[in-house]
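The values are calculated or read from the model by the stated rules, or taken from the named source; none is laboratory data. Here the structure is a predicted model, which means the values were calculated and not measured. Positions of Cβ are generated from backbone atoms using ideal geometry, with glycine treated the same way; all protein chains shown enter the neighbour counts.
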């Protein structure tokens with residue numbers, strides 16, 4: 001028996017019940033409209049149901065009319081309103097999906113086999129600038145944009161399932177992908193100190209303090225408002241609600257505890273700014289709104305042509321003597337790296353952070369994202385186990401201007417003295433103790 005086309009239906013006689021009218025929905029399910037005494041009544045009810053279906057998102061004619069290319073326009077318009085990564089999705093669809101033959105297929109005709117064929121063809125493409133095979137991350141991003149398109153189509157009941165559910169990235173995909181160690185970097189203690197020693201505006205100094213000691217993304221710095229800054233009380237923190245004017249990367253509101261250098265920098269910036277409304281941006285553009293995408297507060301070098309000659313204006317990184325490639329986003333990696341290695345303990349933090357604590361601090365959606373820093377935690381454990389005069393490097397001198405009071409590690413308690421300089425006879429501060437972290441080994445280590 002042939003299945004009826006979706007969005008139609010039929011009428012049949014059921015002994016003892018009468019004439020049955022059923023409608024097949026666009027998602028493939030059938031809906032019973034009822035039993036009637038005559039065939040005419042049943043057909044009239046079915047016709048009325050089809051009229052009600054017409055023009056809605058369940059209309060089979062509307063569904064059959066969409067190709068991948070035509071639906072992409074509606075999808076991108078929706079993404080511009082709801083997604084912070086809309087520009088990236090648009091670029092990937094326009095570069096890798098829309099020029100491909102699969103873009104002319106109807107949404108309902110796209111099968112997992114066609115998706116797998118598109119992925120195989122994509123792995124054979126060469127990069128438009130370097131003429132090298134596409135990096136594996138590029139393939140993931142292109143597939144992810146296509147997956148998002150079909151997820152939206154599924155939300156609108158234009159397709160019953162996402163064909164990419166059965167079309168994973170080919171295992172044999174060769175890439176020029178850089179490793180985690182090569183793909184990102186972080187500033188050393190000496191480089192951080194050199195950065196804060198150069199001539200900075202107060203805004204730049206505050207931005208760098210939040211980027212390094214709070215791990216804020218560039219867009220989160222652009223969208224930060226004074227109503228999201230909580231400096232008073234025992235637990236100063238930032239409430240991250242947006243990236244520029246849109247949602248955060250994870251689409252959730254996050255809270256970031258502020259370390260002492262970040263608190264001191266924000267308080268100084270607050271006094272400089274004066275009275276503002278809670279909706280005012282912490283780092284406003286000259287026009288009062290948020291900065292445009294890509295604005296890095298002078299971090300990178302700037303090139304300009306003056307009198308026919310190309311002139312390079314050094315950015316903050318170059319002025320600090322940092323010659324290796326370091327992006328503004330690597331300041332966020334700097335936060336994670338030093339929290340795990342314990343470089344800031346005990347002057348700024350009490351002890352090295354565990355991997356899951358760094359995940360919470362940076363507001364990663366999955367701890368798998370934080371695993372890129374795992375080797376730093378192992379290196380820190382080896383450093384703690386190695387004999388040496390100091391367990392941790394000292395905090396650079398620039399920390400003092402943020403209100404960081406340095407203490408000597410392992411300072412021994414003094415006995416009561418009868419000297420006139422210490423008439424109170426009180427003991428000085430007890431020795432500072434460092435807790436060796438186990439990084440999830442609690443249940444696997446012997447307690448004996």
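The rows are residues; the columns are (1) under 21 Å from residue 197 (Cβ atoms); (2) in contact (Cβ under 8 Å) with a residue 24 or more places away in the chain; (3) not assigned by TED's automatic domain parsing to the domain that holds residue 369.
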{"site": "303", "(1), (2), (3)": "no, no, yes"}
{"site": "314", "(1), (2), (3)": "yes, no, yes"}
{"site": "319", "(1), (2), (3)": "yes, yes, yes"}
{"site": "338", "(1), (2), (3)": "yes, yes, no"}
{"site": "351", "(1), (2), (3)": "no, yes, no"}
Residues of the range 251-273 classified as surrounded by fewer than 14 Cβ atoms within 10 Å (Cβ to Cβ), assigned to a helix (DSSP H, G or I) and in contact (Cβ under 8 Å) with a residue 12 or more places away in the chain, total: 1
Members of the range 159-213 found to be at pLDDT 95 or above and in contact with a strand residue (DSSP E or B) (Cβ under 9 Å, 6 or more places away or on another chain), listed by number: 210
Which listed residue is over 18 Å from residue 335 (Cβ atoms) and modelled with pLDDT of 90 or more, from 246, 223: 223
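Kindly establish whether residue 50 is in contact with a strand residue (DSSP E or B) (Cβ under 8 Å, 6 or more places away or on another chain), at pLDDT below 80 and either in the same structural domain as residue 155 (by TED's automatic domain parsing) or assigned to a loop (DSSP other than H, G, I, E, B) (or both). Step through it out loud before you land on a result.
Numbers: in contact with a strand residue (DSSP E or B) (Cβ under 8 Å, 6 or more places away or on another chain): yes; at pLDDT below 80: yes; either in the same structural domain as residue 155 (by TED's automatic domain parsing) or assigned to a loop (DSSP other than H, G, I, E, B) (or both): no.
So residue 50 fails the test.
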Number of positions in the range 274-287 that are touching a residue at least 12 places away in the same chain (Cβ under 8 Å) and either crowded, with 16+ Cβ neighbours inside 10 Å or outside the structural domain of residue 243 (by TED's automatic domain parsing) (or both): 3
Some residue of the range 88-105 being surrounded by 16 or more Cβ atoms within 10 Å (Cβ to Cβ) and modelled with pLDDT under 85: no
Residues of the range 324-360 classified as more than 20 Å from residue 190 (Cβ to Cβ) and buried (at least 21 other Cβ atoms within 10 Å of the Cβ), total: 2
Members of the range 231-250 that are surrounded by fewer than 14 Cβ atoms within 10 Å (Cβ to Cβ) and in contact with a strand residue (DSSP E or B) (Cβ under 8 Å, 6 or more places away or on another chain): 235
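For every residue, the table says whether it meets (1) within 20 Å of residue 87 (Cα to Cα); (2) part of a helix (DSSP H, G or I).
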| residue | (1), (2) |
| --- | --- |
| 108 | no, yes |
| 114 | no, yes |
| 118 | no, yes |
| 121 | no, yes |
| 140 | yes, yes |
| 145 | yes, yes |
| 149 | yes, yes |
| 153 | yes, yes |
| 159 | no, no |
Helices (runs of 4 or more DSSP H) fully within the range 317-433 counting 2 or more residues that are at pLDDT below 90: 367-370, 374-385
